[in-house]
Amino acid sequence: MMYWLPWIQGFTLGAGLIIPIGAQNAFVLNQGIRRQHHLLVAAICGLFDVLLISLGVFGGGAALQAHGLLYWGISLAGMVFLLLYGAHCWRRVFRREQALALDGRERGLRAVLVGALAVTLLNPQVYIETVMILGSVGGGFAEEHKWAFALGCISASLIWFFTLALAAAKMSAWLGRPVVQKVMDAAIGTLMWLLAGKLALGLMAVS
């Protein structure tokens, strides 16, 4: 029973950070709608979450927190990434439906792999959530409970990414309609900019 409590805490906190739409979720969602290698994309995102959460909980989070300049640099890079991703989403909103349909054409496996790795490894928000936030919280647990907390976070990540990919594929006929795509792009683009603003406020608070 003593291990269930940190697992539940890890699952709850992990879900709270991972479920809100970000660049990773948007990419998984889009690949699910296309039904193109969506389970592979979910597996890649989940695998790197496993690695980064483990790194954060078992020392990486504390190391990053101890270096204020590194934290500032990662946050600034995350803000720029989110601004650019948001701009990309809004650019899709104003495309003509014909151009949007062409953009939805099948992507090769290599392009999908590159995209999945980009929204994971080049996305500083991933490091902030997994290594810094989950790592700093998990680092406060006793050694024998850290694994339970980490497994809770990892469980939330894997369940979410595969659920999102499968649900998007199941609802692709409706989600793939141009009007729905534009609404989703507008919502995701706005959220990316709001997250960038939140990071900017955080940087102002620590500077």
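The values are calculated or read from the model by the stated rules, or taken from the named source; none is laboratory data. Owing to the predicted nature of the structure, the values given are computational and were not obtained by experimental measurement. Cβ coordinates were reconstructed from backbone atoms using ideal geometry, including for glycine residues, and neighbour counts include every protein chain displayed. Just the protein is used for accessible areas: all its heavy atoms, side chains included, with ligands, DNA and RNA removed. Shrake-Rupley method; radii C 1.70, N 1.55, O 1.52, S 1.80 Å.
Across the range 183-207, what is the total count of residues that are modelled with pLDDT under 85 and in contact with a Leu (Cβ under 8 Å, 6 or more places away or on another chain)?
Of the residues in the range 183-207, 6 are modelled with pLDDT under 85 and in contact with a Leu (Cβ under 8 Å, 6 or more places away or on another chain).
Counting just the residues of the range 8-58 that are assigned to a loop (DSSP other than H, G, I, E, B) and either in contact with a Ser or Thr (Cβ under 7 Å, 6 or more places away or on another chain) or on the phi > 0 side of the Ramachandran plot (or both), which one comes out most open to solvent (accessible area, probe 1.4 Å)?
The initial filter retains those residues of the range 8-58 that are assigned to a loop (DSSP other than H, G, I, E, B), namely 19-22, 35-37.
From what is left, the residues that are either in contact with a Ser or Thr (Cβ under 7 Å, 6 or more places away or on another chain) or on the phi > 0 side of the Ramachandran plot (or both) are 35, 37.
On the way: 35: 142, 37: 73 Å².
The qualifying residue most open to solvent (accessible area, probe 1.4 Å) is 35.
Considering every residue within the range 86-100, establish whether at least one is crowded, with 20+ Cβ neighbours inside 10 Å and at pLDDT 80 or above.
Within the range 86-100, the subset crowded, with 20+ Cβ neighbours inside 10 Å is 86, 89.
If we keep only those that are at pLDDT 80 or above as well, we get 86, 89.
Looking through the range 86-100, at least one residue is crowded, with 20+ Cβ neighbours inside 10 Å and at pLDDT 80 or above.
Which of (1) open to solvent by 20 Å² or more (accessible area, probe 1.4 Å); (2) touching a Cys at 6+ places or on another chain (Cβ under 7 Å) is the odd one out, the single condition residue 176 does not satisfy?
Of everything listed in (1) open to solvent by 20 Å² or more (accessible area, probe 1.4 Å); (2) touching a Cys at 6+ places or on another chain (Cβ under 7 Å), residue 176 misses just condition (2).
Are there any pairs, at least 6 apart or on different chains, whose C-beta atoms fall under 7 Å, with the first in the range 163-181 and over 19 Å from residue 90 (Cβ atoms) and the second of a type in the set (Lys, Arg) and outside any helix (DSSP H, G or I), and if so, which?
From the range 163-181, the pairs are 169/35; 172/35.
For the range 143-178, which positions are aromatic (Phe, Trp, Tyr) and over 17 Å from the mean Cα position of the chain (by Cα)?
Here is the first cut: in the range 143-178, the residues aromatic (Phe, Trp, Tyr) are 147, 149, 160-162, 174.
Those that are aromatic (Phe, Trp, Tyr) and over 17 Å from the mean Cα position of the chain (by Cα): 147, 149, 174.
Could you tell me whether residue 119 is in a helix (DSSP H, G or I), at pLDDT 80 or above and open to solvent by 40 Å² or more (accessible area, probe 1.4 Å)? Give the derivation first.
On the way: in a helix (DSSP H, G or I): yes; at pLDDT 80 or above: yes; open to solvent by 40 Å² or more (accessible area, probe 1.4 Å): no.
In short, no.
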